[in-house]
Amino acid sequence: MEPTPSDKTAESEIAFQARIDAGETIEPRDWMPERYRKQLVRMMSQHAHSEVVGMLPEGNWITRAPSLRRKIGLLAKVQDEAGHGLYLYGAAETLGVSRDEMIDQLLAGVSKYSSIFNYPTLTWADVGAIGWLVDGAAIVNQTMLAKTSYGPYARAMLRICAEENFHKRQGFEILATLAQGTPEQRAMAQDAVNRWWWPTLMMFGPPDEASPHSAELMGWKVKPKSNDELRQRFVDLAVPQAKAMGLTLPDPELRWDEEKRQWRFGTIDWQEFWRVVRGDGQMNRERLRERRRAHDEGRWVREAAEAHEAKRRARAAAKIGR
Amino acid sequence: MTSENRLQRDLAEYSLRLGDDRLVLGHRLSEWCGHAPVLEEELALGNFALDLLDQASLLLESAGRLEGRGRSADDLAFFRDVTEFRNLLLVEQPNGDFAFTIARQYLFDAFDLHLSVALEASGDRPLASFAVRAAKEAAYHLRHSREWLLRLGGGTDESRRRMQAALGELWIFTGELFETDDLVRRLVEARVVFDPEALRGPWREEVLGTFAEAGLEAPKDPAWMQRGGRDGRHGEALGRMLSDMQSVARAFPGARW
Amino acid sequence: MSESAARDADWPLWEVFVQEEGGAAHVHAGSIHAPDREMALQNARDVYARRGRAASLWVVESSAITATTPADRAPFFEPAFDKIYRHPQFYKVPRGVRGL
């Protein structure tokens, strides 16, 4: 009797899981469950969108950076983010989705990006806070993803991790300099940290019980560690760094747990998290509006480049008499 | 004033001119951040902005040192008013659309390459070694801006229309590139720089050749070219740009960042 | 919104290979989109070599690359492990003879 398609699929899925369990890397043309492919496209494209949208809150301060060194450093950082977006879109494309499709989904509000970028950057100190906290959190997440089971994603992560470290150090240096500066600079730094701390903790996502995708992704070694584990690791890194800068964190419940050897922290306001994820953060509309405008206004440029090349090829073909 | 002092003063002023060109143009390019027509161009424009801002830092640092009034590159960048800026009018023009930005860049890059190559032979050692680096970067920038000029000039009807319009608007600022004044004459005599008029021919040949290749009409030379940037007589846009650029630094005078 | 869903310009995909300093082999670094060869080179440099560790770059249109498929893995590659006569250890040489 012929095996039914679902029998064949079940067999392939067992073989696939065995590869995963053996620690093998999955490459673009390997067989994979449709759900695995879908989840990866979702993760990689959202990650790419986050890099690109993430250019906006910091880009907001490039023109006003208060020293040449800071101007150059910030521009280099934001440029890196564009590069990271390119790596990630490239990695996602290996699974059969085009850059155009992904951009369309972003601009239509269908595909998401990290909610942290829906918060406004209000002062120069916010640039430091983003570098130290947001990039710091991203590094914790990305270091874990460098071991993800899907090859192109893991390789993109390795590149990104190598470049990301300077972002975090730059952010730390900006804040530390402010903290040691005039009283106004110090107040500016503390205010920025107060506003960015909790949203950064939310970046790691809801607690694992409330997270629909977590279990599946961990089973496929797409996401080797849980949201809560990563969040804890980040807090444990950040608390001594804040102390080193001479700034406080806006959490009265922050306490060292001697037994578990970790920092216990207060309750996250998950209502705020969901509100912002669902589109009601302060900058949600504006971020997408800016991206839409850039995309629309750029269309004639993209078309011109394509047209120019088409003409060149036609001329070359005509010469050969084809 | 001794001739040595005079030379130093002139070099300071000359460095300021070159430095301001790069600071203003680099800043203008950085304004594209997050809004480029395609992600790949974010990187390219960002790169050029970085190169120019870095060059500006070196030149302004040098200018401050030669001037001998204790002003750092940051002091010069963030605490001078519009009338004290010495950049070309060409580079302060607002970005406009991508065609305008590319046209502005191309006209400057073609000039910058010839200028830098000539300065490699400068009698002033620091200026000469700066020029060696600048020439390499200018060559790479020119390659990029020239290719885009060709793509947009020879792309679609719309892109050609926009590029033609951009060239038409910018051409009137190109005369200033080749101006001589007493300062330049003194530096030529001191064999530190050469006569910029000598660049005009090669520059025209390069740009007119590119326009022809792109299928663009060469703009007509106006009766009178805009000038004044080297004397601090700028348009209104630069003042608005500096208000933005200098706002945080000026809000906290004397602060470290 | 439906306007932008209509065909946007199609910039083909290219694969980028980077040679670091020192005469090493070109290694695959990733992919980029570009409308033509010149921009492909410049974009490749901006994306994969802007930190300077490159002596040479190759860009190849992805459609020009022919690759093995996972199904080829067994017939193409596995027998090679069994061909011990391709490995130096298979061959006996007298002790003390240099240069072998």
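Readers should treat all values here as calculations from the given coordinates under stated rules, not as data from a laboratory. A quick note: this is a predicted structure, and the numbers were derived from the prediction, not measured. No Cβ is skipped: glycine too gets one built from the backbone with ideal geometry, and neighbour counts run over all protein chains shown.
Just the Cα atoms of the protein assembly as shown, one point each, no solvent: what log10 I(q)/I(0) does Debye give at q = 0.05, 0.10 Å⁻¹?
Cα-only, vacuum Debye calculation for the protein assembly as shown: -0.29, -1.04.
For chain A, set up a Gaussian network in which alpha carbons nearer than 10 Å are linked by springs, and say which option among A:Pro183, A:Pro206, A:Pro57 fluctuates the most.
A:Pro183
How big is the dipole moment of the protein assembly as shown about its Cα centre under a simple scheme where the beta carbon of each Lys and Arg is +1, that of each Asp and Glu is -1, and everything else is neutral? Debye, nearest 20, please. Walk me through the intermediate numbers first.
Working: 91 positive and 101 negative charges, 245 e Å.
The dipole magnitude comes to about 1180 debye.
Out of A:Trp124, A:Trp274, A:Trp198, any idea which swings most in a Gaussian network model of chain A, alpha carbons joined below 10 Å?
A:Trp274
Taking the Cα atoms only, what angle lies between the long axis of helix B:197-214 and the longest principal axis of chain B, rounded to 10 degrees?
Long axis of B:197-214 versus the principal axis of chain B: about 20 degrees.
Taking the radius of gyration and the Kirkwood hydrodynamic radius from Cα positions alone, what is the Rg/Rh ratio for the range B:36-97, to two decimal places?
When Rh is taken as the Kirkwood radius, the ratio is 1.07.
Between A:Ala15 and B:Arg191, how high is the FRET efficiency from 1/(1 + (r/R0)^6) when r is the Cβ-Cβ distance and R₀ = 56 Å? Nearest 0.05. Can you show the working numbers first?
Numbers: r = 77 Å, r/R0 = 1.38.
After rounding to 0.05, the efficiency reads 0.15.
Could you pull out the pairs from A:Lys223/A:Lys243; A:Lys225/A:Lys260; A:Lys38/A:Lys221 whose alpha carbons sit more than 21 Å apart here?
Values: A:Lys223/A:Lys243 31 Å; A:Lys225/A:Lys260 18 Å; A:Lys38/A:Lys221 15 Å.
Correct reply: A:Lys223/A:Lys243.
Over the range C:2-67, what is the relative contact order in percent, taking alpha-carbon pairs closer than 8 angstrom and at least six residues apart? Write down the numbers at each step before the final one.
Working: 95 pairs, mean separation 25.5, N = 66.
It rounds to 39 percent for the range C:2-67.
Sum up the charges of everything whose Cβ sits under 10 Å from the Cβ of C:Ser56, counting Lys and Arg as +1 and Asp and Glu as -1, but leave C:Ser56 out.
On the way: positive: none; negative: C:Glu20, C:Glu21.
Spelling it out: positives minus negatives among the neighbours equals -2.
Skipping prolines and chain starts, which residues have an amide H placed within reach, meaning under 5 Å, of the one on C:Ala29, given they are 5 or more residues away or on another chain?
Distant-sequence amide H within range of C:Ala29: C:Val16, C:Phe17, C:Val18.
Taking only Cα atoms and a 10 Å spring cutoff, compute GNM fluctuations for chain A and point out the largest among A:Asp100, A:Asp80, A:Asp126.
Highest fluctuation of the listed residues: A:Asp100.
Be a star and scan the range B:183-204 for residues whose amide nitrogen sits under 19 Å from the point 7 Å along the Cα-to-Cβ vector of B:Ser3.
B:183-195
Once you have the Kirkwood Rh of the range A:62-133 from its Cα pairs, apply Stokes-Einstein at 37 °C and 0.692 mPa s and quote D in µm²/s.
Numbers: Rh = 14.4 Å.
After rounding, the answer is 228 µm²/s.
Can you figure out the FRET efficiency of B:Ala139 with A:Lys147, using R₀ = 45 Å and their beta-carbon distance, to the nearest 0.05? Show your work: numbers first, answer last.
Details: r = 42 Å, r/R0 = 0.93.
The value I calculate is 0.60.
For the range C:2-67, build the charge dipole from Cβ charges (+1 Lys, Arg; -1 Asp, Glu) around the Cα centre, then report which of C:Ser62, C:Gly52, C:His26 sits farthest towards its positive end.
Value: C:Gly52.
Determine the shielding of peptide A:82-94 by partner chains: average, over its residues, the number of Cβ atoms on other chains within 10 angstrom of each Cβ. Don't jump to the answer; show the numbers that get you there.
Values: counts 13, 9, 1, 3, 12, 6, 0, 4, 9, 2, 0, 4, 3.
Counting other chains' Cβ atoms within 10 Å and averaging over A:82-94 gives 5.
What fraction of the Cα pairs in chain A, stated in percent, has a spacing above 33 angstrom? List each step's numbers first, then the result.
Values: 17310 of 51681 pairs.
When all Cα pairs of chain A are counted, 33 percent exceed 33 Å.
Counting pairs of alpha carbon atoms under 8 Å apart in space and at least six apart in sequence, what relative contact order in percent does chain B give?
Details: 330 pairs, mean separation 59.2, N = 257.
Averaging sequence separation for qualifying contacts and normalising by length gives 23 percent for chain B.
Per-residue Cβ counts within 10 Å, from other chains only, averaged over A:289-302: what number is that? Please list the in-between numbers first.
Values: counts 0, 2, 2, 2, 1, 8, 5, 3, 5, 10, 8, 12, 17, 10.
Neighbouring Cβ atoms belonging to other protein chains average 6 per residue here.
Between the range A:110-137 and the range B:167-203, how many Å separate their Cα centres?
Computed from Cα coordinates, the inter-centre distance equals 46 Å.
Starting from one equal scatterer on each C-alpha and no solvent at all, send me the Debye-based log10 I(q)/I(0) for the range C:2-67 at q = 0.12, 0.17, 0.23 Å⁻¹, two decimals.
Log10 of I(q)/I(0), two decimals: -0.35, -0.61, -0.93.
About the Cα centre, and with charges only on the beta carbon of Lys, Arg (+1) and Asp, Glu (-1), how big is the dipole of chain B? Nearest 20 debye, please. Don't jump to the answer; show the numbers that get you there.
Numbers: 32 positive and 43 negative charges, 84 e Å.
Computed about the Cα centre, the dipole is about 400 debye.
Mind listing the Cα extents of the range A:90-200 along all three principal axes, in Å, largest one first?
If we take the Cα atoms of the range A:90-200, the spans are 54, 31, 19 Å.
Can you tell me the dipole magnitude for the range A:207-251 around its Cα centre, using point charges on the Cβ only (Lys, Arg +1; Asp, Glu -1), in Debye to the nearest 20? Show your work: numbers first, answer last.
Details: 6 positive and 7 negative charges, 50 e Å.
Here the size comes out at about 240 debye.
To the nearest Å, what is the center-to-center distance of the range A:194-247 and the range B:96-163, using C-alpha atoms only?
That distance is 46 Å.
Which lysines have a Cα less than 27 Å from the Cα of B:Lys136, not counting those fewer than 8 places away in the same chain?
Of all the lysines, those that pass the test against B:Lys136 - Cα under 27 Å, at least 8 places apart if same chain - are A:Lys71, A:Lys77.
Under a Cβ-Cβ cut-off of 9 Å, what is the net charge of the residues other than A:Ser67 that fall near it, where Lys and Arg count +1 and Asp and Glu count -1?
Details: positive: A:Arg69, A:Arg70, A:Lys71, B:Arg256; negative: B:Asp74.
Residues close to A:Ser67 contribute a combined charge of +3.
In peptide C:24-32, how many Cβ atoms from other protein chains are near each Cβ within 10 Å, on average? Kindly include the intermediate steps, with their values, before the conclusion.
Numbers: counts 0, 0, 0, 0, 1, 4, 9, 8, 7.
Per residue, the number of nearby Cβ atoms from other chains is 3 on average.
Give, as a single signed number, the net charge of other residues whose beta carbon lies under 13 Å from the beta carbon of A:Asp236, with Lys and Arg counted +1 and Asp and Glu -1. List each step's numbers first, then the result.
Details: positive: A:Arg231, A:Arg233, A:Lys243, A:Arg255, A:Lys260, A:Arg261, A:Arg264; negative: A:Asp228, A:Glu229, A:Asp257.
Charge balance in the 13 Å sphere: +4.
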